[in-house]
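The values are calculated or read from the model by the stated rules, or taken from the named source; none is laboratory data. Fair warning: this is a prediction, and the values are worked out from it, not measured in the lab. Using ideal geometry, Cβ is built from the backbone for each residue, glycine included, and neighbour counts are taken over all protein chains shown. Areas reflect the complete protein model, heavy atoms only, side chains present, ligands, DNA and RNA absent. Shrake-Rupley method; radii C 1.70, N 1.55, O 1.52, S 1.80 Å.
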Amino acid sequence: MKTLSLSLKYLFLGLLAFISVFPFVWMVLGMTNQTFDIVAGKIMIGDQLVINFQNLFASELNFTCALGNSAVIAVITTVFALLFSSMAGYGFEIYRTKTKDRIFNILLLSMMVPFAALMIPLYRMFSQLSGTPIGINTFAVVILPSVCTAFLIFFFRQNIKAFPKELVEAARIDGLNELSIFFRVYMPTAKNTYAAAAIITFMNSWNNYLWPLVALQSPDKRTVPLVLSAMGASYTPDYGMMMCGIVIATLPTAIIFFVLQKQFVQGMLGSVK
C-alpha cells in the first residue's frame, strides 16, 4: 500500500513537472524550426536554428541594441533599488517612532494602487522635464519609479526584524557612525536578503513592458519586451525568429535565479547570517 501511494505521488509530481517544463521545451524546439512547422505544431528538432538567429540579429528591430538597453536598465535599477530600499527598511525598523510607523502604513497602502493608475500622472510629471536627463524617452524615466518601491522596503524591513540589534549597540560603542553600521555591519550579514531582492528586482525590471512602452518612444531606446512584442505585431510574424529572441531574453533571469536560488530561498525565509 505504501509503495502504491509513493508511486502515485511521484506520478502526480512528474505530471506537474512535465506540464511546467513543456512550454520551455517547445520554445527551445521552436527556435530550430521555421514558422510553418511551428504553426503546424511540430515538436521535433529542425534545421533552421542558424537561419533564425541570423534573421533575429539582422532584423530592423535591432535586437542587439534592445538587449543592451534592457541590461543597462535592469542592472542600474537593481543596484539602486537594493541600496535605497534596504536603507529605508533599515531606518523604519531600527529607528522606530509612532510617526515613522504611520508613514510606513501609508506606504503599504500605496501597494494597493495599480501601476496602470499611476502611468498618466507619471507621464505628465516626466513630460514636463523633457530635454533634461530625466525627461521622457530616457532610461532614467524607466529606472526612477522602480528604484524605491513599497514592496522592497516592506521586504527589507521584515527581514531586518531577524537582525540582532545587539550588533548595532556594540558597533555604536566601538565608535562607528550610523552609515558605517549599515554598510559594515548590517549589509554583510544580510547577503541572502539582498540576493532574494536582487532576483525579484532584476526579473521585474528585465520583463517590464507597460511603462517602457509608454515612456520610451524612439526605436533606439526599446527594451527586449518591446522588440519581442513588435515582432509578433507584424502581418507575417516569423515565429522561429521570435522563439530565438524569447530564449535569449529568458536566459539572463534564468541564470541569475539558478545561481542564486539557495540564497533566494533563505532570503525569502528571512534568514540573516
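Select from the stretch 166-184 the residues that are free of Cβ contacts under 8 Å to residues at least 60 places away in the same chain and among the β-branched types (Val, Ile, Thr) and list them in ascending order.
Selection gives ILE173, ILE181.
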>> Looking only at the stretch 134-164, count every residue that is under 14 Å from GLU93 (Cα atoms), in a loop (DSSP other than H, G, I, E, B) and of a type in the set (A, V, I, L, M, F, W, C) and tell me the total.
In response: 2
>> I'm told ASN208 meets every condition in (1) part of a helix (DSSP H, G or I); (2) within 20 Å of ALA81 (Cβ to Cβ); (3) not aliphatic (A, V, I, L, M) except one. Can you identify the failing condition by its number?
In response: (1)
> Among the residues of the stretch 226-245, which ones are part of a helix (DSSP H, G or I), open to solvent by 40 Å² or more (accessible area, probe 1.4 Å) and over 18 Å from PRO212 (Cα atoms)?
Replying inline: TYR239
>> Anything in the stretch 131-148 that is open to solvent by less than 70 Å² (accessible area, probe 1.4 Å) and farther than 23 Å from LEU109 by Cα? List them, or say none.
In response: THR132, ILE134, GLY135, ILE136, ASN137, THR138, PHE139, ALA140, VAL141
> Would you call MET203 part of a helix (DSSP H, G or I) and either among the acidic types (Asp, Glu) or touching a helix residue (DSSP H, G or I) at 6+ places or on another chain (Cβ under 6 Å) (or both)?
Replying inline: yes
>> Can you tell me which of (1) outside any helix (DSSP H, G or I); (2) modelled with pLDDT of 90 or more is the one ALA198 doesn't meet?
In response: (1)
> Looking at (1) more than 25 Å from PHE257 (Cβ to Cβ); (2) in contact (Cβ under 8 Å) with a residue 40 or more places away in the chain, which is the one condition that is false for GLN158?
Replying inline: (1)
> If we keep just the residues of the stretch 185-225 that are without any contact (Cβ under 8 Å) to a residue 40 or more places away in the chain and open to solvent by 50 Å² or more (accessible area, probe 1.4 Å), which is farthest from SER130 (Cα to Cα)?
Replying inline: PRO188
>> Among the listed residues THR64, THR78, identify the single one that is crowded, with 20+ Cβ neighbours inside 10 Å and within 30 Å of GLY232 (Cβ to Cβ).
In response: THR78
> Do we have SER85 as polar (S, T, N, Q) and either under 12 Å from PHE156 (Cβ atoms) or not in a helix (DSSP H, G or I) (or both) here?
Replying inline: yes
>> Restricting to the stretch 165-175, name every residue that is open to solvent by less than 50 Å² (accessible area, probe 1.4 Å) and either more than 16 Å from PHE92 (Cα to Cα) or among the aromatic types (Phe, Trp, Tyr) (or both).
In response: ALA170, ALA171
> Of the residues in the stretch 228-264, how many are of a type in the set (A, V, I, L, M), in contact with a helix residue (DSSP H, G or I) (Cβ under 8 Å, 6 or more places away or on another chain), touching a residue at least 60 places away in the same chain (Cβ under 8 Å) and more than 17 Å from MET31 (Cα to Cα)?
Replying inline: 1
> Within the set of pairs 6+ apart or on separate chains, which have a first residue in the stretch 94-116 that is open to solvent by less than 90 Å² (accessible area, probe 1.4 Å), a second that is of a type in the set (D, E, K, R), and C-beta atoms under 8 Å apart?
Replying inline: ILE94/LYS165; PHE104/ARG157
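Taking the stated definitions as given, is PHE151 open to solvent by 70 Å² or more (accessible area, probe 1.4 Å) and closer than 24 Å to ILE200 by Cβ? Even if it seems obvious, please write down each step before you answer.
Numbers: open to solvent by 70 Å² or more (accessible area, probe 1.4 Å): yes; closer than 24 Å to ILE200 by Cβ: yes.
So PHE151 fits the description; yes.
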